[in-house]
Amino acid sequence: MSWMLLETGATFLLGVIFVATGRRLCVAFGLVDRPDFARKRHRGSIPLCGGVAIFATFACASQLGPGSSLLSVPFWLGLALIVGIGVLDDRLSLSAGGRLTVQLLVSILIAGSLQTGSLSFGVLDLPDTVVLLPVLFLICVVFMTGLINAWNMLDGIDGLAGGTAAVSLVWLIVIATFAGMPDLIRSLETLLVCICAFLVFNMRSPWRARASVFLGDAGSTALGMVIACAILMIATASPVVSFSALLWVVFLPIADTLSLIVRRILAGRSPMSADRWHLHHLLLDHGLTTSSATHTLMIVSALCGGIGYAGIRLGIAGEIMAAALVLPICLHTLFVLVSTGYLTRTRLVHLRAKARSAASGHDVLGARAPVGAFTHVGEADRDA
C-alpha cells in the first residue's frame with residue numbers, strides 16, 4: 001500500500017511539473033489559445049500544454065512502472081499520432097478533413113489489434129458471427145473516431161473535458177475490477193492521476209478563479225481515444241460486460257455530439273462548424289456559472305456511468321441496456337428543445353397561423369417553425 005501511495009504521489013508530482021514547465025514552453029513557441037471575443041471569450045492567451053503534459057506523464061509513468069501488457073505497440077503509436085496531429089492543429093489550425101483522416105487511420109490501427117469479433121451487444125450473440133466480423137470491426141472504428149471528436153467538442157469550458165474524463169475513468173476502473181482485468185486497471189489509474197494533476201491548473205475552485213492552461217486539441221482528442229480504447233478492451237475481453245452497458249459511461253459526450261450534428265444539419269450548416277449550441281453553453285445561457293455547469297455535467301456523467309455499472313453488476317441483458325438509452329436521449333432532446341426556445345417558437349408560429357387562418361376564413365395545417373429555430377445569438381468555443 002505504501003508503495004502504491006508513493007508511486008501515485010510521484011506520478012502526480014511529475015504531472016504538475018510537466019504542466020508548469022509546459023506553460024513556459026508554450027508561451028515561448030506560440031502554442032497558446034488567444035481570445036477573439038466572438039467564439040473564444042476567455043481572458044488572455046492561455047497555454048495549450050495540458051494534453052501534452054498529461055500524456056507525457058502517462059507515458060513516463062507507464063514505461064517506468066510495471067505498466068500494462070494490454071497497451072500494445074499499436075496503442076502507443078496511435079496515441080503519439082493523435083497527440084502529434086492535435087499539437088499541429090493547435091498551432092496551425094489544420095483542416096477538418098486532414099484531422100479526420102488521421103483519426104480514422106488510428107482507429108483502424110487500434111481496432112485491428114483487438115478481438116473485435118467478441119464485441120457483444122446482446123442482440124449480436126448469434127451462433128455464427130463470422131459474417132458479422134466486418135460489421136463489428138466497423139462499429140469499433142466508428143465508435144473510436146466518434147469518441148475522439150466527441151471529447152474534443154466537449155472541451156468548451158474550464159474543467160469539463162478533463163473532469164468528465166476523470167469521472168469516466170473512475171467507472172471504467174470499477175468495471176475493469178469487476179471484469180478481472182488488473183493490467184488495464186493499473187493503466188487507467190495512472191491516467192486518472194495524470195488528469196488530476198492537470199485539473200489543478202484547469203478546474204475552477206476557491207483557489208483558482210479560471211484555468212491557467214487548456215487541454216488543447218491534442219489533449220481532448222487523446223482522452224477520447226484512450227477512453228474509447230479502454231471501453232473496447234473491456235467489451236472484447238470480458239464476456240460479462242456488454243458494449244451497450246459501457247456506452248452509459250460515455251453517454252454525455254456522445255449524446256451532445258449527436259445532438260449538435262443533427263441540429264446543425266437541420267439548420268443547413270456544417271456539422272463541424274463552431275457555435276454556442278453545446279450542452280454546456282445552454283446551461284451557461286440559462287444562468288449557471290462556469291463552475292456550476294462543469295459540476296452539473298460531471299454529476300450527470302457520474303449518474304449515467306453508475307447506471308451502466310449497475311446494469312453490468314446485475315447482469316442485465318445488453319439489449320435492455322441499449323434500449324434504456326432511449327430515456328436519457330429523450331430527456332436530453334427535451335432539455336435542448338426547451339432551453340433553445342424551439343417549442344415556444346413553434347407554438348407561437350402555430351398560434352399566429354391559426355389567427356391568420358381564422359381572420360381569412362381558412363384553416364392552415366402543419367405550420368412550420370422558421371428556419372432559424374435552433375439559432376442562438378453569437379458563437380463561442382470557450383467561455384471565460
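A few points about this structure:
- Selection status of SER244, in contact (Cβ under 8 Å) with a residue 40 or more places away in the chain, over 18 Å from ALA161 (Cβ atoms) and of a type in the set (S, T, N, Q): yes
- ALA310 vs. criteria at pLDDT 90 or above, more than 22 Å from ARG263 (Cα to Cα) and under 22 Å from the mean Cα position of the chain (by Cα): yes
- A single entry from ILE173, ILE195, ILE110, ILE139 fulfils the requirement of being part of a helix (DSSP H, G or I), touching a helix residue (DSSP H, G or I) at 6+ places or on another chain (Cβ under 6 Å), farther than 30 Å from ALA20 by Cα and of a type in the set (A, V, I, L, M): ILE110.
- Flag if SER291 is at pLDDT below 90 and not basic (Lys, Arg): no
- Of the listed requirements (1) over 11 Å from the mean Cα position of the chain (by Cα); (2) in contact (Cβ under 8 Å) with a residue 12 or more places away in the chain, ILE227 misses just one: (1).
The values are calculated or read from the model by the stated rules, or taken from the named source; none is laboratory data. Just so it is clear, the model here is predicted, and its values are computed rather than measured. Using ideal geometry, Cβ is built from the backbone for each residue, glycine included, and neighbour counts are taken over all protein chains shown.
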